[in-house]
């Protein structure tokens, strides 16, 4: 493939930066991160002005309200981004971690963590991803090429300029943080095939984006997941807990991948539980799309279609199904889940353990909201994405997920015989 000359320049600069970042010390990287955090606060008004342009353009295009909300920044949001950078400073640096052992022939082998190299992030809507990705890549010694969605281009331009400038002012390599300002899709298609320049691509966004990257990229991909997340309310559930957890998982922030998309209710408690949940949802404006049994119990619920069971609504919409028990619930999750986050509400220890052991997902909960599937809430600091694949990272990806292993062998004239 013929690459755009500008894209080759960006790729080469990233390679050069990654080479230097690989051996940058922890103290130097932390100093740059603190400068980036301060710079965000110092440029708050410029960031808000740029973001306002993006939001106004999105509204004029008729963008869904939930997506506009993901796009919008506030003074508090900028402060949170700044705080997230400081949290990354406090995290341990994975580069250089490892172990050492000696073979019978005297060879001393050291296995140590090293950066991946050049990470390309392709993402949508959320400007905070620009900062989170840059911070995690820098701390783990990786150069990053950022390609956000066109809907957030003005926000991403100013954010990347501010943090890249701050990092470079503290001695970090030039071009260690770069943004593709050209929103032409051809550039994205080329970026996904730049094996000589990019070491890994991480897509973060809707199902369409992720599917496209996985199918078309020749560069290795870490697949972050769409989240068709389920809650199973068991026949031995505390129903008050169930209402609280399901309501939180759906409504606390509906436009994100760890938000709940479906609730499965044991038939033994459906007559009691669904009206409790349904009224709370109806008061909040959540649309319920249910199976026949659900609709019989909740006359105001819409009838679910086959598509509703496997879709990531990312909105105040939830699918609801009455099931016979945990086996049918797990079968449903197996068929329609995306291996992201699943939760069971039950007071039965044995049932809970079956659910934990048998449900195949990156995160499986007992009596807790799926909204906790997040790098920050897991104690990893800012996250670069939530992987739903099994190689090489799974679940919320923090610093360690942005490294790989290297073997360093010390010898004294050993040869193979």
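Would you please name the residue that is nearest to residue 194 (Cα to Cα), looking only at residues in the stretch 163-178 that are touching a helix residue (DSSP H, G or I) at 6+ places or on another chain (Cβ under 6 Å) and buried (at least 23 other Cβ atoms within 10 Å of the Cβ)? Taking the candidates together, the pick is 178. Look through the stretch 102-142, keep the residues that are assigned to a loop (DSSP other than H, G, I, E, B) and free of Cβ contacts under 8 Å to residues at least 12 places away in the same chain, and return whichever of them is farthest from residue 384 (Cα to Cα). Only one residue fits best here, namely 104. You will find that of 76, 87, the residue that is assigned by TED's automatic domain parsing to the domain that holds residue 21, assigned to a helix (DSSP H, G or I), surrounded by 15 or more Cβ atoms within 10 Å (Cβ to Cβ) and within 24 Å of the chain's Cα centre (by Cα) is 87 and no other. Quick check: anything in the stretch 100-115 at pLDDT 95 or above and more than 30 Å from residue 414 (Cα to Cα)? Taking every residue of the stretch 100-115 in turn, none turns out to be at pLDDT 95 or above and more than 30 Å from residue 414 (Cα to Cα). What number of residues within the stretch 197-209 satisfy the criterion of being modelled with pLDDT under 95 and surrounded by fewer than 23 Cβ atoms within 10 Å (Cβ to Cβ)? Here the count works out to 5. For the stretch 23-34, the criterion of being under 26 Å from residue 139 (Cα atoms), assigned by TED's automatic domain parsing to the domain that holds residue 92, in a helix (DSSP H, G or I) and touching a strand residue (DSSP E or B) at 6+ places or on another chain (Cβ under 9 Å) is satisfied by no residue at all. What do you reckon, is residue 12 assigned to a helix (DSSP H, G or I), more than 22 Å from residue 128 (Cα to Cα), modelled with pLDDT of 95 or more and assigned by TED's automatic domain parsing to the domain that holds residue 119? When the stated conditions are applied, residue 12 passes them.
Name the helices (runs of 4 or more DSSP H) wholly inside the stretch 267-351 in which the number of residues that are surrounded by fewer than 16 Cβ atoms within 10 Å (Cβ to Cβ), more than 30 Å from the chain's Cα centre (by Cα) and modelled with pLDDT of 95 or more is 1 or more. By residue number, 267-284, 292-297. When the criteria are applied in full, residue 212 fails the requirement of being assigned by TED's automatic domain parsing to the domain that holds residue 115, more than 17 Å from residue 144 (Cα to Cα) and assigned to a loop (DSSP other than H, G, I, E, B).
Checking 217, 249, 240, 259 one by one, the residue that is in the same structural domain as residue 349 (by TED's automatic domain parsing) and either under 22 Å from residue 116 (Cβ atoms) or in contact with a strand residue (DSSP E or B) (Cβ under 6 Å, 6 or more places away or on another chain) (or both) is 249 and no other. Here is the figure for the stretch 398-417: residues that are in a loop (DSSP other than H, G, I, E, B) and surrounded by fewer than 22 Cβ atoms within 10 Å (Cβ to Cβ) total 7.
The values are calculated or read from the model by the stated rules, or taken from the named source; none is laboratory data. Note that the coordinates shown come from a computational prediction; the quantities given were computed from them, not determined experimentally. Backbone-built Cβ (ideal geometry, glycine too); neighbour counts: all protein chains shown.
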